Amino acid sequence: MNLTNVLYERKEAYALITVNRPDKLNALNRLTLEELKAGFSEAAHDPAVRAVVLTGAGEKAFVAGADISEIANLDAQTGRQFALFGQELFRTIETLAKPVIAAVNGFALGGGCELAMACHVRIASENAQFGQPEVSLGVIPGYGGTQRLARLVGRGRALELVLTGDRIDARRAFEMGLVNGVVPQGGLLAKASDMAEKMASKAPAAIAHCLSAVSAGLDMPLEEGCYLEATLFGLCCATQDMKEGTQAFLQKRKPAFTGR
Ligand code: COA
């Protein structure tokens with residue numbers, strides 16, 4: 001793919017997508033968002049890609065936010081469009097039928113924290129810092145931060161972060177459930193790629209249905225969520241991979257999933 005601010009690399013079973021504006025701490029300007037959209041579309045449509053790792057270029061930042069030089073020129077109408085454009089991309093990431101792992105290698109502020117939260121799993125390096133500093137700029141989080149942060153860490157902790165604009169370190173982010181794990185910076189990509197490869201080795205339909213059941217189910221009453229789960233369980237039972245997985249267990253061998 002011919003992109004400027006995003007690197008797209010096809011690894012064996014997963015795609016590594018890197019936000020690549022290190023001189024601006026990988027801030028998300030319009031072009032970067034458009035290229036991220038192209039990268040995730042490529043990952044969605046390539047059947048050989050079964051997971052995605054998303055990270056930032058350099059050692060300092062995952063993404064230091066939406067590009068403040070673009071925010072500075074917004075008015076009421078363009079501001080709403082700006083938020084909706086980013087939200088649409090982040091929703092695309094969140095609803096991808098393949099696992100997306102954020103490898104957070106430094107600052108994840110504002111839109112960067114929101115981008116990480118739109119991913120399914122977050123692994124942070126020890127130097128990572130998280131925060132929603134928008135109120136210091138006179139705005140609120142616009143890429144889903146007020147919604148996903150509260151869902152991930154609870155209303156009180158989300159409001160503390162959003163209302164103070166304070167930054168928290170990786171340990172604190174782990175304690176409050178914002179990230180799944182913390183590793184030394186040198187081991188971050190290895191940890192994320194190990195996880196991506198493990199997820200990529202499972203039955204693709206089962207993985208996709210797990211993503212739907214958990215994500216869509218969280219927005220439903222328990223009874224409806226369990227109903228959805230039963231329906232998706234039934235769909236798994238119609239796949240060849242289900243036959244293969246169960247037979248492989250019974251025959252004491254490794255399954256060879258084909259995605260059918
Ligand atoms: N938008 C646009 N540019 C940004 C940016 C952002 N969100 N975050 C960093 N940059 C740019 C800086 O303007 C600077 O560019 P320059 O070298 O052309 O002047 C470059 O990235 C390096 O940033 P700098 O501030 O010099 O690094 P630092 O180590 O001193 O501070 C931060 C790092 C992350 C604390 C600081 O850059 C910052 O507060 N960024 C904004 C965070 C934010 O408010 N994000 C939410 C936006 S809604």
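No value in this document is a laboratory result; all are computed from the given coordinates. A quick note: this is a predicted structure, and the numbers were derived from the prediction, not measured. As a convention, Cβ positions derive from the backbone with ideal geometry for all residues, glycine included, and neighbour counts pool all protein chains shown.
The chain: percent of C-alpha pairs farther apart than 34 Å? Before the final figure, lay out each step's value.
Numbers: 6254 of 33670 pairs.
For the chain, the fraction of Cα-Cα distances above 34 Å is 19 percent.
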key: Relative contact order of region 181-254, defined on C-alpha pairs under 8 angstrom at six or more residues apart (%)   = 23
Residue-count net charge about D241 - beta-carbon cut-off 14 Å; Lys, Arg +1, Asp, Glu -1 = +4
ask   = Percent antiparallel among DSSP beta bridges with both residues in the chain, to the nearest 5?
value = 25
ask   = Between S201 and L163, what FRET efficiency follows from the Cβ-Cβ distance if R0 is 45 Å, with the result rounded to 0.05?
value = 0.60
inquiry  = Please compute the contact order of the chain in relative form: average sequence separation of alpha-carbon pairs under 8 Å and at least six residues apart, divided by the residue count, as a percent.
reply    = 16
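Sorted by mean Cβ packing within 10 Å, highest first, what order do the peptides 145-151, 184-190 take? It would help to have the intermediate numbers written out before the result.
Working: 145-151: 18.0, 184-190: 14.7.
Per-residue Cβ counts within 10 Å, averaged per peptide and sorted highest first, yield 145-151, 184-190.
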request  = Using a cut-off of under 13 Å, list every residue of region 91-114 whose amide N is near the label point 7 Å from the Cα of E70 along the Cα-to-beta-carbon line.
outcome  = 111-112
Estimated [θ] at 222 nm from DSSP helical runs (n ≥ 4, -39500 (n - 2.57)) normalised by residues in the chain, nearest 500 = -15000 deg cm²/dmol
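Which FRET efficiency, nearest 0.05, do A48 and M220 yield, Cβ-Cβ r, R0 35 Å? Intermediate values should be presented prior to the final figure.
Values: r = 33 Å, r/R0 = 0.93.
Computed FRET efficiency for A48 and M220 comes out at 0.60.
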query = What's the extension gain from A150 to R80 if we count 0.36 nm per residue and subtract their Cα-Cα distance?
reply = 23.1 nm
Between region 192-260 and region 9-51, the alpha-carbon center distance in angstrom = 25
inquiry  = Kirkwood hydrodynamic radius, region 147-260, all distinct C-alpha pairs: what's the number in Å?
reply    = 17.2
request  = Rank the residues R30, R167 as a footprinting-exposure proxy: fewest other Cβ atoms within 10 Å of their Cβ go first.
outcome  = R30, R167
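Order these peptides, 205-215, 48-58, by their mean beta-carbon neighbour count within 10 angstrom, highest first. Can you show the working numbers first?
Values: 205-215: 17.5, 48-58: 23.4.
Descending packing order for the listed peptides: 48-58, 205-215.
Counting Lys +1, Arg +1, Asp -1, Glu -1, what net charge surrounds P99 among other residues with beta carbon under 10 Å of its beta carbon? Numbers along the way, then the final one.
On the way: positive: R50, K98, K198, K202; negative: none.
That sum, taken over residues with Cβ under 10 Å, equals +4.
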message = Counting only pairs 8 or more residues apart or on different chains, how many lysine pairs in the chain have their Cα atoms under 18 Å apart?
response = 16
